[in-house]
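The values are calculated or read from the model by the stated rules, or taken from the named source; none is laboratory data. Just so you know, these numbers come straight off a predicted model, no measurement behind them. So basically every Cβ, Gly included, is an ideal-geometry build from the backbone, and we count neighbours across all protein chains shown. When the accessible area is computed, the model is the full protein with side chains, heavy atoms only, and any ligands, DNA or RNA have been set aside. Shrake-Rupley method; radii C 1.70, N 1.55, O 1.52, S 1.80 Å.
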Amino acid sequence: MPYTFSATGRFSTDDQRAEIGFTVAAPSAVTLHTWSFGGGINGAGIGVPNGGFAPVVSLFETFGSLDLIGLAEAGVATCRGNTDTLTSFCWDVSLTVNLVAGSYLAVLTQDDNLPFGPSFADGFIRDGQGDFTGPAFLGGPGQFILLTRDQRTGDWALDIDLPGSSVPAPGTLGLIALGLILLHRRCMLAALG
């Protein structure tokens, strides 16, 4: 029987990432969607308030070279959630991908912090820029600022709709460590280069 894995949290800087691993046991469609921009009731039945940052969801396969296989950006992807009462925008994102059996990594970031290359090891465009939205949209310090100049929070909520034979991967921290090791190695090779 299909089920939804729900995760929530709070970023303290613009460049943070939420990384959630999961395994799909048989070919099936998996949907990832956010709730924190416009609010709503997540898959766990918990009310999520509106007011969070504009999200990006990136999906990587982890059984090969950690390649990017799906991306949904606020304002570009189809909004499955609610319209935000503060901005009148529907910027929560939804991504549905047909997956083969294997392990995957969902990465949630703030709008404009996109994957840098085709692999998770390539990092993200805004890595190391913990306050990129303030200078970009206000011309001064600030975090969680929209292009409309509206202040948001670092709160996020992500649901992953999985087929019944799938589970969140207990090794998510291992995948994160692997990604950091690969990223560090790439930086070291570039510095020697």
Subject >> Per-region count, the stretch 1-32, residues acidic (Asp, Glu) and assigned to a loop (DSSP other than H, G, I, E, B) >> reply: 2
Original post:
Across the stretch 33-56, what is the number of residues that are crowded, with 18+ Cβ neighbours inside 10 Å, touching a Gly at 6+ places or on another chain (Cβ under 8 Å) and part of a strand (DSSP E or B)?
Top reply: 5
Subject >> Considering residues of the stretch 1-28 that are under 27 Å from GLY51 (Cα atoms) and small (Gly, Ala, Ser) only, the residue surrounded by the fewest Cβ atoms within 10 Å (Cβ to Cβ) >> reply: SER12
**OP:** Scan the stretch 115-158 residue by residue and report those that are open to solvent by less than 30 Å² (accessible area, probe 1.4 Å), among the hydrophobic types (A, V, I, L, M, F, W, C) and part of a loop (DSSP other than H, G, I, E, B).
**Re:** PHE132, PHE144, LEU146
**OP:** Return only the number of the condition from (1) in a loop (DSSP other than H, G, I, E, B); (2) of a type outside the set (Lys, Arg); (3) open to solvent by less than 20 Å² (accessible area, probe 1.4 Å) that VAL107 does not satisfy.
**Re:** (1)
**OP:** Among the residues of the stretch 75-96, write down those that are at pLDDT 90 or above and either touching a helix residue (DSSP H, G or I) at 6+ places or on another chain (Cβ under 6 Å) or buried (at least 17 other Cβ atoms within 10 Å of the Cβ) (or both).
**Re:** ASP84, THR87, PHE89, CYS90, TRP91, ASP92, VAL93, SER94, LEU95
